[in-house]
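What follows is calculated from the coordinates using simple rules that are stated; it is not laboratory data. Keep in mind the model is a prediction, meaning the values are calculated, not measured. Heads up, the Cβs are rebuilt from the backbone with ideal geometry, glycines too, and the neighbour counts pull from every protein chain shown.
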Amino acid sequence: MGVIEMSAGQAIASQGRSSGQAGFTLIELLTALAVLAILSTLALPGFSTLMWDNRAANLSNELVTALNVARSEAIKRGESVTLCAMAGCATTDWSKGWQLLDDGHNKLREWQPNVPGMAVTAEVAQLVFDGMGRPAASLDILLETGHRTREISVSRSGLVRVSSDTSQGDSR
């Protein structure tokens, strides 16, 4: 019905693709993949740091929960309870987990976090809360990921405080 007029240049350009086909050429696809690879390479270190920060926050939340549970159990029972490292309450390395024991050394609860590559150390192997919920001594627990350290402190009044992350040679 209608006549379509084309110049010679348009006729040559339209020969490469038929009118019903659409999509990307191989060059366009490879260019998009190269841009994606470059952006992924730039974002990966930041994502790795984000993952470690998230793991440290999760682990410190578990420790704070354990400390608060220990304090409330001592108050509820009206007797002392002990929060200590899993290795028989004899080590200051809390990386394998920690447990809550009653006055008769019966296990009330245990926590076994699975965070490889993160060290959890305390000044003492155990923390005893008396029947009033007061710890026998203050305590500092360090969570270390290699380039960051987070500190959890328990005061003599039983107040638990988590310090802000401190960097060790990190430029963030």
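A compact table of results
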item: Charged-residue dipole, Cβ positions (Lys, Arg, Asp, Glu), the range 51-172 about Cα centre, Debye nearest 20; result: 220
item: Contact order relative to length of the range 62-172, as percent, for alpha carbon pairs under 8 angstrom and 6 or more apart; result: 22
item: Over the range 61-156, volume per residue of the alpha carbon convex hull, in Å³; result: 81
item: Long-range amide H partners of Arg109 with built H, under 5 Å; result: Leu100
item: Loop trypsin sites (Lys or Arg not before Pro), the range 61-122 (other Cβ atoms within 10 Å of the site Cβ: 15 or fewer; DSSP); result: Lys96
